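Worksheet for the structure shown next.
The values are calculated or read from the model by the stated rules, or taken from the named source; none is laboratory data. Model, not experiment: these values are computed from the prediction. Cβ atoms come from the backbone with ideal geometry, glycine included; neighbour counts cover every protein chain shown. The protein model used for the area step is the full one, side chains on, heavy atoms only, and it has no ligands, DNA or RNA in it. Shrake-Rupley method; radii C 1.70, N 1.55, O 1.52, S 1.80 Å.
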Amino acid sequence: MSAAPLRLGLAGLGTVGIGVVKIVQAHADLIATRAGRPVTITAVSARDPKKNRDADLSAYAWETDPVALAKRADIDVFVEVMGGHEGAAKDATEAALAAGKHVVTANKALLAHHGQALAEQAEAANLALRFEAAVAGGIPVIKALTEGLAGNRMKRVMGVMNGSCNYILTRMQNENLPYETVFEEARQLGYLEADPNLDVGGIDAGHKLSLLASIAFGTRVAFDAVELEGIGNVSIDDIRLAEDMGYRIKLLGVAQMTGRGLEQRMTPCLVPADSPLGQLQGGTNMVVLEGDSVGQIVLRGPGAGMGPTASAVMADVIDIARGFRLPTFGQPASTLIAARPARAATPAPYYLRMTLLDKPGALAKIATCLGDAGVSIDQMRQYGHQGTNAPVLIVTHKAAPDDVAHAMTRFGATGVLVGEPVAIRIEEV
């Protein structure tokens, strides 16, 4: 065992940062044995040194400026768990790499916006830039893609990558509660970011998907090309009716390379209720990886929280202590291609919900619109009348998204539609 410890500078003493402190303190001997050298914390950075953080920090030097921490001569690895893709997190990460420090980060937004430039900076200096904790919390999905599945050509990456959204959707379903009620409950429980739209708008999960797509398909991170739709418009009616047809609604990320370019979408989808994704409850995350040789791999676990995220941070720290070096996105940053972004065009079944006037020929007019657009009906149900209106649910056979959109635009001209129709893609898993 090397006598020289690997010295950490820890920027951010929130939930994840304190989790890292607790692991380093509680498992010092175990980590040293597995890493081949001790791992210690030399200095930390936070705005308020006097705040009670439920951990003994007295042995560490303090810096109120994370950039100053990143430049300290007595640290080897800069651990960034502050968050934010601009300002202090970006400046400190760049400063650490410029000063010859390895970087471990849990900051998915930083890498989604600046990953290419940071990877090039790190690799030019032969430094590690690791981010297992940035995607799916405690699930080792980055390691799975960059190491365990490195011999595969990846076909598709998908998953539920935001535990807050999954909590909201499953609570709506299990307790028959409207979105607004469960959203407020999640906010009160502290499950949502300070800006809740990062969660419920799909932005946080979209950051994660863009990072996985980069590794899976050898492309430059392209968060701006991710199709984003949050869960704010998912109604309790859709949840009930989807369940009646054997499906559940999830905020699902899907990335795949096609002949037209790279599809990346983070949108509400229906999945079979008996599938692994359909059975996923509460704040748990799940990532499904499909390779040409291995087939389908399903990874499930806690996607956030002190212990799981700090566990992922420490996995990267221990790899650095072992001397393990790997390009940031699994291959040299200089070889990553700028993929052509492609809107979703892969055919899939669709769930269509609408309310029609209860008069003869109404349903036939809708069916004609679908048929003229090349969309065929697989299942159809009409539910109890609501006065002069009739709720109707249709599940299509596989159809191109553009064909479904074309049919939807023609519904309004039939004169039988009441309100706006709803269309949700059904993802086969």
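Can you work out which of the residues in segment 245-279 that are small (Gly, Ala, Ser) and in a strand (DSSP E or B) is nearest to residue 164 (Cα to Cα)? Break it down into steps so the answer makes sense when it comes.
Residues of segment 245-279 that are small (Gly, Ala, Ser), as a first pass: 246, 253, 255, 259, 261, 273, 275, 278.
Checking which are in a strand (DSSP E or B) leaves us with 253, 255, 261.
On the way: 253: 14, 255: 21, 261: 30 Å.
Result: 253.
In segment 349-363, how many residues are open to solvent by 10 Å² or more (accessible area, probe 1.4 Å) and either part of a helix (DSSP H, G or I) or under 26 Å from residue 239 (Cα atoms) (or both)? First the steps, then the outcome.
As a first pass, look at segment 349-363 and keep what is open to solvent by 10 Å² or more (accessible area, probe 1.4 Å): 349-350, 353, 355, 357-361, 363.
Pick out the ones that are also either part of a helix (DSSP H, G or I) or under 26 Å from residue 239 (Cα atoms) (or both) and you get 349-350, 353, 355, 357-358, 363.
Here the count works out to 7.
Among the residues of segment 276-310, what is the count of those that are open to solvent by 60 Å² or more (accessible area, probe 1.4 Å), touching a residue at least 24 places away in the same chain (Cβ under 8 Å) and under 24 Å from residue 150 (Cβ atoms)?
Residues in segment 276-310 being open to solvent by 60 Å² or more (accessible area, probe 1.4 Å), touching a residue at least 24 places away in the same chain (Cβ under 8 Å) and under 24 Å from residue 150 (Cβ atoms): 5 in total.
Taking residue 190 as meeting all but one of (1) at positive phi; (2) buried (at least 17 other Cβ atoms within 10 Å of the Cβ), write down the number of the exception.
(2)
Which condition from (1) closer than 21 Å to residue 137 by Cα; (2) under 28 Å from the mean Cα position of the chain (by Cα); (3) open to solvent by less than 40 Å² (accessible area, probe 1.4 Å) is the one that residue 15 breaks?
For residue 15, the failing item is (3).
Having 1 or more residues that are under 30 Å from residue 325 (Cβ atoms) is the bar; report the helices (runs of 4 or more DSSP H) wholly within segment 143-244 that clear it.
Because the criterion is at least 1 residues that are under 30 Å from residue 325 (Cβ atoms), the helices (runs of 4 or more DSSP H) in segment 143-244 that meet it are 203-217.
Each row is one residue, and each column tells you yes or no for (1) open to solvent by 60 Å² or more (accessible area, probe 1.4 Å); (2) aliphatic (A, V, I, L, M); (3) assigned to a loop (DSSP other than H, G, I, E, B).
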residue	(1), (2), (3)
329	no, no, yes
365	yes, no, no
379	no, no, no
404	no, yes, no
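Assess whether residue 182 counts as being under 16 Å from the mean Cα position of the chain (by Cα) and either closer than 30 Å to residue 331 by Cβ or without any contact (Cβ under 8 Å) to a residue 40 or more places away in the chain (or both). Spell out how you get there, then give the answer.
Working: under 16 Å from the mean Cα position of the chain (by Cα): no; either closer than 30 Å to residue 331 by Cβ or without any contact (Cβ under 8 Å) to a residue 40 or more places away in the chain (or both): yes.
No; evaluated as a whole, the condition is false for this residue.
Hey, does segment 410-422 have a residue that's in a strand (DSSP E or B), acidic (Asp, Glu) and at negative phi?
First pass over segment 410-422, keeping only residues in a strand (DSSP E or B): 417-422.
Next, from what is left, pick out any that are acidic (Asp, Glu): 420.
Filter again for at negative phi, leaving 420.
Yes: one or more hits.
Could you run through segment 90-120 and say how many residues are touching an Asp or Glu at 6+ places or on another chain (Cβ under 6 Å), more than 14 Å from residue 329 (Cα to Cα) and not polar (S, T, N, Q)?
0
Picking from 343, 353, 325, which residue would you name as being under 15 Å from residue 412 (Cα atoms), under 29 Å from the mean Cα position of the chain (by Cα) and of a type in the set (D, E, K, R)? Can you show your working first?
Details: 343 fails: under 15 Å from residue 412 (Cα atoms); 325 fails: under 15 Å from residue 412 (Cα atoms).
Exactly one residue qualifies, and that residue is 353.
Restricting to segment 312-322, give me the number of residues that are under 22 Å from the mean Cα position of the chain (by Cα) and surrounded by fewer than 20 Cβ atoms within 10 Å (Cβ to Cβ).
1
How many residues, within segment 237-254, are at negative phi and open to solvent by 30 Å² or more (accessible area, probe 1.4 Å)?
The first filter runs over segment 237-254 and keeps only residues at negative phi, leaving 237-245, 247-254.
From the residues that got through so far, the ones that are open to solvent by 30 Å² or more (accessible area, probe 1.4 Å) too are 237, 240-241, 243-244, 247-248.
Going through segment 237-254 one residue at a time, the tally reaches 7.
All but one of (1) touching a Cys at 6+ places or on another chain (Cβ under 9 Å); (2) open to solvent by 60 Å² or more (accessible area, probe 1.4 Å) hold for residue 340; state the number of the condition that does not hold.
Evaluating residue 340 over (1) touching a Cys at 6+ places or on another chain (Cβ under 9 Å); (2) open to solvent by 60 Å² or more (accessible area, probe 1.4 Å) leaves (1) as the failure.
Yes or no: residue 23 open to solvent by 30 Å² or more (accessible area, probe 1.4 Å) and at pLDDT 95 or above?
Numbers: open to solvent by 30 Å² or more (accessible area, probe 1.4 Å): yes; at pLDDT 95 or above: yes.
Judged against the criteria, residue 23 is a match.
Taking segment 105-120, which residues are farther than 20 Å from residue 16 by Cα, open to solvent by 10 Å² or more (accessible area, probe 1.4 Å) and either in a loop (DSSP other than H, G, I, E, B) or touching a residue at least 60 places away in the same chain (Cβ under 8 Å) (or both)? Full working, then the answer.
Pass one, segment 105-120, residues farther than 20 Å from residue 16 by Cα: 113-120.
Subset that is open to solvent by 10 Å² or more (accessible area, probe 1.4 Å): 113-114, 116-117, 120.
Those that are farther than 20 Å from residue 16 by Cα, open to solvent by 10 Å² or more (accessible area, probe 1.4 Å) and either in a loop (DSSP other than H, G, I, E, B) or touching a residue at least 60 places away in the same chain (Cβ under 8 Å) (or both): 113, 116, 120.
With respect to residue 257, determine if the residue is touching a residue at least 60 places away in the same chain (Cβ under 8 Å), closer than 28 Å to residue 120 by Cα and either surrounded by fewer than 20 Cβ atoms within 10 Å (Cβ to Cβ) or not aromatic (Phe, Trp, Tyr) (or both).
yes
Do you know which residues across segment 121-162 are more than 21 Å from residue 335 (Cβ to Cβ) and open to solvent by 20 Å² or more (accessible area, probe 1.4 Å)?
138, 140, 156
State the number of residues belonging to segment 128-169 that are in contact with a His (Cβ under 8 Å, 6 or more places away or on another chain) and of a type in the set (S, T, N, Q).
Final tally of qualifying residues: 0.
Since residue 57 meets every condition but one in (1) open to solvent by less than 30 Å² (accessible area, probe 1.4 Å); (2) within 31 Å of the chain's Cα centre (by Cα), which condition does it not meet?
Going through (1) open to solvent by less than 30 Å² (accessible area, probe 1.4 Å); (2) within 31 Å of the chain's Cα centre (by Cα) one by one, residue 57 breaks only (2).
With the requirement that a residue be assigned to a loop (DSSP other than H, G, I, E, B), closer than 15 Å to residue 13 by Cβ and aliphatic (A, V, I, L, M), what does segment 71-104 give you?
Matches in segment 71-104: 81, 82.
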